Amino acid sequence: VLSKIITGDPAPAEKAREFADEFKVENENGEFDGLTRLELFIPDISNSVLIIIVDQFEEVYTLCENIIERNTFICNLLNAATDKVGTVSIILTLRSDFLLETQKNQTLNHVIAEHGFIVPVLNKEELYQAIAIPAMNSGYQFDEALIEMLIEQTWNREGALPLLQFTLARIWEDL
């Protein structure tokens with residue numbers, strides 16, 4: 001996405017590979033600051049903020065088996081987020097049962113402790129609203145039996161919200 005923004009090319013495969021390599025380069029202080037260096041090339045970055053959203057950040061721990069690659073990614077995010085210029089904001093979503101993993105990185109641990117926000121577990125009424133209201137706002141109404149089944153399958157189950165999100169996306173695609 002950064003390569004598209006910077007080059008204006010809708011399919012900049014070569015530039016994307018170049019940028020990916022840039023993320024792996026350590027600066028003179030031994031820090032991975034590729035994202036911070038690349039942000040300087042974003043058009044009008046001084047007039048706006050680049051917001052990077054990493055949804056389901058726990059996948060860094062579940063899907064990325066290469067520890068060096070994982071740490072490089074995390075360090076690039078942290079470096080950009082803590083840069084004094086402040087043109088990049090990072091938003092991570094993370095299941096709370098993965099907080100122990102984030103504590104293994106002292107800087108990430110402190111950033112999450114300082115700036116983190118824990119969303120409480122949804123009760124049944126909140127689950128109902130999360131399922132039904134977006135559909136109603138778009139002119140659709142889910143069958144009550146479907147909503148109740150989704151609530152029962154989600155309620156009080158660890159890690160169920162991403163599965164609910166996936167299920168709702170599939171249902172939505174079929175409407």
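The values are calculated or read from the model by the stated rules, or taken from the named source; none is laboratory data. Since the model is a prediction, treat every value here as computed from it, not as a measurement. Here Cβ is always computed from backbone atoms with ideal geometry, including for glycine, and neighbour counts include all displayed protein chains. In case anyone asks, the SASA skips ligands and DNA or RNA and just uses the protein heavy atoms, side chains included. Shrake-Rupley method; radii C 1.70, N 1.55, O 1.52, S 1.80 Å.
Residues are listed down the side, and each one gets a yes or a no for (1) free of Cβ contacts under 8 Å to residues at least 12 places away in the same chain; (2) under 22 Å from Ala160 (Cα atoms):
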residue	(1), (2)
Cys64	yes, yes
Leu77	no, no
Ala81	no, no
Val88	no, no
Leu92	no, yes
Arg95	no, yes
Gln106	yes, no
Ile112	no, no
His115	yes, no
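Residues of the range 92-127 that are surrounded by 11 or more Cβ atoms within 10 Å (Cβ to Cβ) and of a type in the set (A, V, I, L, M, F, W, C): Leu92, Leu94, Phe98, Leu99, Leu108, Val111, Ile112, Ala113, Val121, Leu122, Leu127. Scanning the range 28-41 finds one or more residues that are surrounded by fewer than 15 Cβ atoms within 10 Å (Cβ to Cβ) and at pLDDT below 90.
The set of residues from the range 80-91 being open to solvent by 30 Å² or more (accessible area, probe 1.4 Å) and more than 16 Å from the chain's Cα centre (by Cα) comprises Thr82, Asp83, Lys84, Val85, Gly86.
Kindly evaluate Lys84 against the criterion of being touching a Pro at 6+ places or on another chain (Cβ under 7 Å) and on the phi < 0 side of the Ramachandran plot.
No: the conditions fail for Lys84.
The number of residues in the range 128-170 being open to solvent by less than 40 Å² (accessible area, probe 1.4 Å), in a helix (DSSP H, G or I) and among the hydrophobic types (A, V, I, L, M, F, W, C) comes to 9.
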